[in-house]
Amino acid sequence: MEISLEGKVALVTGAGPNIGSGIALALARYGAKVACNDIDPAAAKTAVDRIERNGGTAIAVPGDVTDEEQVTGYIARVIDEFGQIDVLVNNAALLGGKGVLDESAEFFDRAVRVAGLGNFLNTKHVGRHMAERGIRGSIVAISSSNGWSGSAGVIAYAFHKGGVNNFVRAAAMDLAPYGIRVNSFTPTAPTPDNPELIKERGAGGVLDRPRTHGIGGATGDEEWRRPSRFTGQRAPLVPMGTTGTPTDIGHAVAWLCSDYARLITGCDFVVDGGARAKNFAYAPAPASELAGPLPLIPLDVTGEMDGELA
């Protein structure tokens, strides 16, 4: 099966530097022209640079996904530049955060607004563009394993990712009459494979080194406190030994946005090495004793920064 997005135009929100950048690169490597959005103009530009290093075509369209005027503005720019939009990936979200006893109202509100309004406004206006022009496009929202099951220390993140899951199913029903498909995609703590991100933070991910960025913040120090999670050494409970990388996610999202997936809508796709599928009591063998998945098919092939990372 030769996946091709030739002739298609994609808009990816929250395009840097990990999952969003990986998805944007994948869509470009499979032939789409890609518009990279991020609230940080530098992050959007960096995602574009990565695509162009690998021979793709992309533009940066920075903007705040919670501001309707900015959303319609960058959507109009994509249409002016590339003619249309066939693919939308709603990836913008806020990481970080704390548990229900400690989270601030300000952070909770902002996190929910970014996910809620980000998915709603982009889906509404890109969906209207598709419907008006008869484009039978694909819209993908990025969920999280925290949207499907509970985890301590991430109350805002868990709340808005859970909302994303049902938003997708409802939007799929609204847009089905127009031939527009809406699905979600659930990654689980992917290991970074963006050379620029590795250069900044070092190699590896949450399975083989302590997490220095991401979700779950400090709790209070009152004497009545009880621990919310185990903080000692623990084995990663992933049946295949790895949760994959943004490149693994990118391959799957590209297929989901291709014409081969023409009847898939209102569904969720998971790439996590079986992490979410296992029973709570199932403890896989150490990764060193597992066969592991097939070798990764790379998408970032320029190698321009590899020497700097050695």
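Some observations on this one:
- A Cα-only calculation for the range 1-140 places Rg and Dmax at 15.2, 50 Å.
- Around the Cα centre of the chain, unit charges on the Cβ atoms of Lys, Arg, Asp and Glu (plus for the first two, minus for the last two) sum to a dipole of about 780 debye.
- The chain, accessible surface, carbon-and-sulfur percent (1.4 angstrom probe): 53
- Computed from Cα positions, the angle between helix 19-29 and the longest principal axis of the chain comes to roughly 40 degrees.
- Sequence of Thr243, Thr46 when ordered by accessible area, the most exposed leading, probe 1.4 angstrom: Thr46, Thr243
- Subset of Lys45/Lys98; Lys98/Lys278; Lys33/Lys98 violating a 28 Å alpha-carbon distance limit: Lys45/Lys98; Lys33/Lys98
- GNM result for the chain, Cα springs below 10 Å: residue of Arg113, Arg226, Arg29 fluctuating most strongly: Arg226
- The relative contact order of the chain comes to 20 percent, based on Cα pairs under 8 Å that sit 6 or more residues apart.
- Percent of Cα pairs exceeding the 27 Å cut-off, where the set is the range 109-260: 37
- Protection proxy ranking of 285-291, 15-21, by the mean of other Cβ atoms within 10 Å over each peptide's residues and highest first, is 15-21, 285-291.
- Evaluated over the Cα positions of the range 4-51, the convex hull gives a direction-averaged projected area, one quarter of its surface, of 2.6 nm².
- Most to least accessible of Glu68, Glu103, Glu223, Glu200 (protein chains only, probe 1.4 Å): Glu223, Glu200, Glu68, Glu103
- Loop sites by DSSP among the chymotrypsin sites (Phe, Trp or Tyr not before Pro) of the chain, restricted to those with at most 12 other Cβ atoms within 10 angstrom, leave 1-223 as the longest stretch without any of them.
- On a per residue basis, the chain carries 49 Å² of accessible surface, using protein heavy atoms and a 1.4 Å probe.
- Residue-averaged 222 nm ellipticity for the chain, from DSSP H runs of 4+ at -39500 (n - 2.57), nearest 500: -11500 deg cm²/dmol
The values are calculated or read from the model by the stated rules, or taken from the named source; none is laboratory data. Computed from a predicted structure; not experimentally measured. With ideal geometry, Cβ positions are generated from the backbone for all residues, glycine too; neighbour counts draw on all protein chains shown. Ligands, DNA and RNA are excluded from the accessible area calculation, which covers all protein heavy atoms including side chains. Shrake-Rupley method; radii C 1.70, N 1.55, O 1.52, S 1.80 Å.
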